[in-house]
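Below is one structure, written out as structure tokens; the observations come after it.
The values are calculated or read from the model by the stated rules, or taken from the named source; none is laboratory data. If you're wondering where the values come from, they're calculated on a predicted model, not measured in any experiment. Reconstructed Cβ throughout: ideal geometry from the backbone, glycine too, with neighbour counts over all protein chains shown. Please note that ligands, DNA and RNA were not included when accessible areas were found on the heavy atoms of the full protein model with its side chains. Shrake-Rupley method; radii C 1.70, N 1.55, O 1.52, S 1.80 Å.
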Amino acid sequence: MRLVAWLGVVLATACSDPSSDIVGPFTGSLHRYFVDRIEVPRDSSQAEAVAADLDGDGKADNKFGSATSVLAGINDLSLHGADMIAAGKIASFVEIHADDLTADASAGVYYLGFGGTFATDPLAVVVGGSFTGGAFTPNRTRDTRHPGAALAALPVFVNADPIGIPLTGLEIELAPDGAGGFDATVRGAVREQLAREEALRALLQMFRTEPLRHLVFLRGVDEDRDDTVSLAELEASVIGLLVSADIQLFTGNAFGAVPDSSTPDSVSIAYSMHLVPCTNATGSCATAAPQNTCRDRITDAGETDVDCGGPCQPCADGLACSVPADCQSQSCDAGACRVATCSDGVRDGFESDIDCGGACPTCATGDACAADRDCASGNCSNGAATLGSCS
């Protein structure tokens, strides 16, 4: 329902105040491109390289890039976007409506993050602009009254499906790559609450998929110590600080950037992509095979469930299995992994050691731990992203 409401705002503002925006109807052919590479920022320099002034205050904006840089620093940023694209988990397209891709004063670009076509994707709102010397310059987020929009699919959290980001104020710059495709820079923003809800979904999936890898992170967010994370806990955590609004793009339901606002409502976003020509109307145009099938977010290559079982990491509670070794709990009952308990003699679920830590009883001296509260002594030698031992 939130996405429906967001779409209503986008469509309403796209038909509002007249401006100097380049708007349709656009003419010419529809040129279709496949997104064969997505690059989210891994450090501050990459975040700054793709950032731009989105609200008109003269400063570059990319809060998303700040968040992904932090995730990269603690090894929780997905580095397997290429595997997801090759497997078809991410199948994004860009469609360009133009008379001439080298010089056209009025052209439109659609971004289709989850596939389909602009005619079948209700969340894709055209980005107007012009082609000069083969490069596309869009209406700018900071000036436009006809904002482009898209539901983008992005690889962000490791061990989790791509996140779905409902971008508004969308601007897409295109530069010819010399081989018939384009290097693209995508910018825009997402309303804060939508960003936080999607971050929570992905975090929970990440924690569940490979608990020991993310246990320190989970302990830092899980304030009520129930081995799960609520939206309130997320908002109170460092992730809440990172996924927080930094620019204002709306006044009520009317779109329009407000420089230097004291009441920001949206999280700024910028990242890059690469586009190759593609004539496939709806499916993937990927040609390469995934390099790491245990991180491509589909069930393949002998796995019993998505990226788990068989040759991959063991599966979480309730996921499909064939033998006990397919499961974190080391128990496969009627084709499903048995739920972890605090008395099953296995280090599973969100325990830091066998049947202790987290929501289980505290651990003894020498046992593994992820936070002080895992230990009977109240003292754990863990690092910022590494397990320690009770002392």
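Go through region 219-268 and give me each residue that's small (Gly, Ala, Ser), more than 24 Å from GLY65 (Cβ to Cβ) and not in a strand (DSSP E or B).
Answer for region 219-268, where residues must be small (Gly, Ala, Ser), more than 24 Å from GLY65 (Cβ to Cβ) and not in a strand (DSSP E or B): SER230, ALA232, GLY252.
Consider region 333-349. How many of its residues are buried (at least 22 other Cβ atoms within 10 Å of the Cβ) and either hydrophobic (A, V, I, L, M, F, W, C) or outside any loop (DSSP other than H, G, I, E, B) (or both)? Talk me through it step by step, then tell me what you get.
Within region 333-349, the first condition is being buried (at least 22 other Cβ atoms within 10 Å of the Cβ), and the residues that meet it are 337, 340, 348-349.
From what is left, the residues that are either hydrophobic (A, V, I, L, M, F, W, C) or outside any loop (DSSP other than H, G, I, E, B) (or both) are 337, 340.
Residues that pass the stated criteria total 2.
Would you check which residues across region 314-330 are on the phi < 0 side of the Ramachandran plot and surrounded by fewer than 19 Cβ atoms within 10 Å (Cβ to Cβ) and list them?
We begin by selecting, within region 314-330, every residue on the phi < 0 side of the Ramachandran plot; these are 314-317, 319-329.
Those that are on the phi < 0 side of the Ramachandran plot and surrounded by fewer than 19 Cβ atoms within 10 Å (Cβ to Cβ): ASP317, ALA320, SER322, VAL323, PRO324, ALA325.
May I ask you to list the residues in region 112-135 that are closer than 20 Å to HIS146 by Cβ, open to solvent by less than 30 Å² (accessible area, probe 1.4 Å) and either at pLDDT below 95 or in contact with a helix residue (DSSP H, G or I) (Cβ under 9 Å, 6 or more places away or on another chain) (or both)?
Scanning region 112-135 gives ASP121, LEU123, VAL125.
Considering region 82-111 alone, what residues qualify as being open to solvent by 10 Å² or more (accessible area, probe 1.4 Å), over 15 Å from ILE22 (Cβ atoms) and either among the polar types (S, T, N, Q) or assigned to a strand (DSSP E or B) (or both)?
Hit for region 82-111 is THR102, nothing else.
Give just the number: which of (1) over 21 Å from the mean Cα position of the chain (by Cα); (2) in contact (Cβ under 8 Å) with a residue 12 or more places away in the chain; (3) part of a loop (DSSP other than H, G, I, E, B) does ALA301 not satisfy?
(2)
Return the residue satisfying two criteria in turn: it lies in region 241-253 and is crowded, with 18+ Cβ neighbours inside 10 Å and touching a helix residue (DSSP H, G or I) at 6+ places or on another chain (Cβ under 9 Å), and of such residues it is modelled with the lowest pLDDT. Let's see the steps before the verdict.
The first filter runs over region 241-253 and keeps only residues crowded, with 18+ Cβ neighbours inside 10 Å, leaving 242-243, 245-250.
Narrowing further to those that are touching a helix residue (DSSP H, G or I) at 6+ places or on another chain (Cβ under 9 Å): 242-243, 245-247, 250.
Working: LEU242: 89, VAL243: 93, ALA245: 97, ASP246: 97, ILE247: 98, PHE250: 96.
Residue satisfying both the conditions and the ranking: LEU242.
With (1) free of Cβ contacts under 8 Å to residues at least 24 places away in the same chain; (2) closer than 25 Å to PRO155 by Cβ as the list, and ALA384 as the residue in question, which single condition is left unmet?
(1)
Which of the following residues is touching a Pro at 6+ places or on another chain (Cβ under 7 Å) and either hydrophobic (A, V, I, L, M, F, W, C) or open to solvent by 50 Å² or more (accessible area, probe 1.4 Å) (or both): ALA301, ALA257?
Numbers: ALA257 fails: touching a Pro at 6+ places or on another chain (Cβ under 7 Å).
Every option except ALA301 fails the conditions.
Assuming ARG373 fulfils every condition listed in (1) under 23 Å from LEU203 (Cα atoms); (2) assigned to a loop (DSSP other than H, G, I, E, B) apart from one, which condition is it?
Unmet for ARG373, out of (1) under 23 Å from LEU203 (Cα atoms); (2) assigned to a loop (DSSP other than H, G, I, E, B): (2).
Would you mention how many residues in region 13-32 are at pLDDT 90 or above and either in a helix (DSSP H, G or I) or not polar (S, T, N, Q) (or both)? Spell out how you get there, then give the answer.
Here is the first cut: in region 13-32, the ones at pLDDT 90 or above are 21-23, 25-32.
Going one step further and asking which of them are either in a helix (DSSP H, G or I) or not polar (S, T, N, Q) (or both), we end up with 21-23, 25-26, 28, 30-32.
Of the residues in region 13-32, 9 are at pLDDT 90 or above and either in a helix (DSSP H, G or I) or not polar (S, T, N, Q) (or both).
Considering only region 136-209, give the strands (runs of 3 or more DSSP E) lying wholly within it that have at least 1 residues that are open to solvent by 10 Å² or more (accessible area, probe 1.4 Å) and among the acidic types (Asp, Glu).
Numbers: elements: 148-154, 163-176, 182-191.
Qualifying strands (runs of 3 or more DSSP E): 163-176, 182-191.
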